[in-house]
Amino acid sequence: MVSEISLATPAARSHWLTIEWLSKYAAELNDIDFVWCGFKAHHHLACQTFTYAGALDQAIHAAVHQLNRERRALPLANLRISD
């Protein structure tokens with residue numbers, strides 16, 4: 001809900017201010033969502049529960065390491081050395 005003050009302030013400045021209303025959540029505007037999507041798609045962190053924060057932290061670091069290793073391997077798989 002938008003308050004009267006929130007609406008009046010931009011209206012008073014409308015000669016130089018343009019308001020762009022965004023959705024409450026826009027995944028395409030949040031870069032980290034692409035990373036989390038990769039974790040979920042590759043099942044690095046999907047469907048897991050953690051008993052304490054340290055275990056989650058370790059799992060995240062391991063997943064980042066594994067995802068980086070996978071991403072590095074793919075571009076190098078079809079390298080051809082010219083003669």
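In nanometres, what is the gap between the two model label sites at ILE32 and TYR52, each 7 Å from Cα along Cα-to-Cβ?
2.3 nm
Can you tell me the FRET efficiency between SER3 and TYR25 if r is taken as the Cβ-Cβ distance and R0 is 35 Å, rounded to the nearest 0.05?
0.95
With Rg and the Kirkwood Rh both taken from Cα atoms, where does Rg over Rh land for the stretch 1-60?
1.28
Only the coordinates and a few stated rules stand behind these numbers; no lab work does. If you're wondering where the values come from, they're calculated on a predicted model, not measured in any experiment. Using ideal geometry, Cβ is built from the backbone for each residue, glycine included, and neighbour counts are taken over all protein chains shown.
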